[in-house]
Amino acid sequence: MQSPGLWTLAWRRLRTDRVAMGALAVVLGFLLMVLLSSAGLVAADWEEEVAVNYAPPSFVGADAATRALAAAQLPRETPPNAFDPLAQELAELKARVRAGHPPVEKATTLPFGADKWGHDIVKKTIKGGETSIVVGLVAAFVAVALGTLFGALSGFYGGVVDDLFNWFYSIFTSIPSILMILTVAAVLQQKGVMTIVLILGLTGWTGPYRLMRAEYIKHKAREYVMAADAIGASSARRMFGHILPNVSHVALVQMSILVVGFIKAEVILSFLGFGVPVGVVSWGSMLNEAQNELILGKWWQLAAAAGAMALLVTAFSLFADALRDALDPKLK
């Protein structure tokens, strides 16, 4: 009877951890939300004006405060003046404004109200989550791929190659990560989702590199790699065909940890103005808008964006910790 492999044992341990499974359910829920939003099935109309400016949270239709805001924003009726030559034109203009103003009845259910343009905060949060989560996932994949490649070359070959990569590693780690991110962002200057991915991916490879280098140094001297060398396997095949499958769990755990850090980094970049361009919404851009709204007492956009980010980051962190424990060989 064949003994269970590493991943089978890890899944068995994860299934017994209720916190890990709950965190996994939350993470999968967010990923499903991203897929539905990308396909246009959810929050596709997030830019539609469904309420008055800064409509407060409402669960059962437009409340008195929303109606008061709507009344204040509509043109006031003035008594007709027979001697005013522009009276007819002004009446027609007011009628057009009233016809084009979003009716209050459309804002039937706004759990987190509306922003200054009358956009539904819930739909805006979903669309912003799509940007932030995609940035976190893709940037983490880029960082782990670079760290794995550099760590494999450095740990497997050693010598001058190892010294070269260690020199690059020392340069990147000698500068605080947030300063490195802001420096690269200032150099690139061009705003965009792909730019943020490159910024985070090119500055976040050091952690995976350090761990993968140590794993390759350890595994290259083991019997199965030496046997592959004896039968004529090339260096590339030994690195990526034999060693990499046995250290892939380290890369996976590193990716799950980096996703959390990169989502927070995207929020910081967008908050400081280095993130997504105008017209693209993310959790960071929502928080940037919310800082001015707080002065006016409008707290609901801040609560929605910060709450969604906190929920995802907490769930991802709990799952990453549980996955790391489940893949720990000492716990077999």
- Message: Net charge within 11 Å of His119 by Cβ-Cβ distance, Lys/Arg positive one each and Asp/Glu negative one each, not counting His119 itself?
- Response: -3
- Message: Which of rounded, prolate or oblate describes the range 169-309 when judged by the alpha-carbon gyration tensor and an a/c cut-off of 1.5?
- Response: prolate
- Message: Need one number: nm distance between label points at Leu9 and Phe168, each 7 Å from Cα along Cα→Cβ, rounded to one decimal.
- Response: 3.4
- Item | Label point distance in nm, Val160-Leu31, each placed 7 Å from Cα along Cα→Cβ | 4.3
- Would you mind checking the pairs Lys127/Lys191; Lys127/Lys298; Lys191/Lys298 and listing those with alpha carbons more than 30 angstrom apart? none
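Since every read-out is calculated from the coordinates, none of them should be taken as a lab result. Worth saying up front: this structure is predicted, and the values here are computed from it rather than measured. FYI the Cβ positions are ideal-geometry reconstructions off the backbone, even for glycines, and counts take in every protein chain you see.
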